[in-house]
Amino acid sequence: MIVLDTQAWLWWMHSPQTLSDAARTAVEDAEATSRILVSAISVWEVAVKVDLGKLTLPMAIDDWYEKASSYPRIAVEPLSPRDAIASTQLPGTFHRDPADRIIVAFALRHGAPLVTSDRRIRDYAHVPTIW
């Protein structure tokens, strides 16, 4: 089982060649043998970026979500109150972006590595990452 951050999920859906070799292999392996988890906060992030004009999807956001959430082995999980709380109590020093904090807490709760290209997350020693 792995967790995808928002950018990794978008790349997996639209341009998997953008993922690093290690990330692409991890996603392919999880797709073949286990599960790929995505936090619902990633859906919010995508919707916000579309609304602000910072992201263009190949279809309407509602249609995109239906397709993206039904992709093989992907489970988009609702925001957990436990993840919301844990995101405010992450050990050590981590940046203040609330979506990243929730995604990290989500990965930690599931005990799963987080696929991310985000250097700030990859440098955070308390969550295993794949890139």
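The values are calculated or read from the model by the stated rules, or taken from the named source; none is laboratory data. Just so it is clear, the structure is predicted and the values come from calculations on it, not from any experiment. A quick note on method: Cβ atoms are made from the backbone with ideal geometry, for glycine too, and the neighbour counts reach across all protein chains shown. Areas reflect the complete protein model, heavy atoms only, side chains present, ligands, DNA and RNA absent. Shrake-Rupley method; radii C 1.70, N 1.55, O 1.52, S 1.80 Å.
Observations on the model:
- The one condition from (1) part of a loop (DSSP other than H, G, I, E, B); (2) touching a helix residue (DSSP H, G or I) at 6+ places or on another chain (Cβ under 6 Å); (3) open to solvent by 40 Å² or more (accessible area, probe 1.4 Å); (4) not β-branched (Val, Ile, Thr) that residue 57 does not meet is (3).
- Yes/no for residue 20 being open to solvent by less than 30 Å² (accessible area, probe 1.4 Å) and without any contact (Cβ under 8 Å) to a residue 24 or more places away in the chain: no
- Candidate set: region 65-107, residues that are of a type in the set (A, V, I, L, M) and open to solvent by 70 Å² or more (accessible area, probe 1.4 Å); chosen: the one modelled with the highest pLDDT: 85
- Qualifying residue in region 30-48 (condition: assigned to a helix (DSSP H, G or I), closer than 25 Å to residue 105 by Cα, open to solvent by less than 70 Å² (accessible area, probe 1.4 Å) and of a type in the set (Phe, Trp, Tyr)): no
- In region 119-129, the residues that are open to solvent by 40 Å² or more (accessible area, probe 1.4 Å) and either touching a residue at least 24 places away in the same chain (Cβ under 8 Å) or in a loop (DSSP other than H, G, I, E, B) (or both): 120, 123, 125, 126, 128
- Any hit, region 84-97, residues being out of contact with any His (no Cβ under 8 Å at 6 or more places or on another chain), closer than 27 Å to residue 21 by Cα, in a helix (DSSP H, G or I) and not polar (S, T, N, Q): no
- Test result for residue 65, free of Cβ contacts under 8 Å to residues at least 40 places away in the same chain, out of contact with any Phe, Trp or Tyr (no Cβ under 8 Å at 6 or more places or on another chain) and either closer than 17 Å to residue 35 by Cβ or of a type outside the set (A, V, I, L, M) (or both): yes
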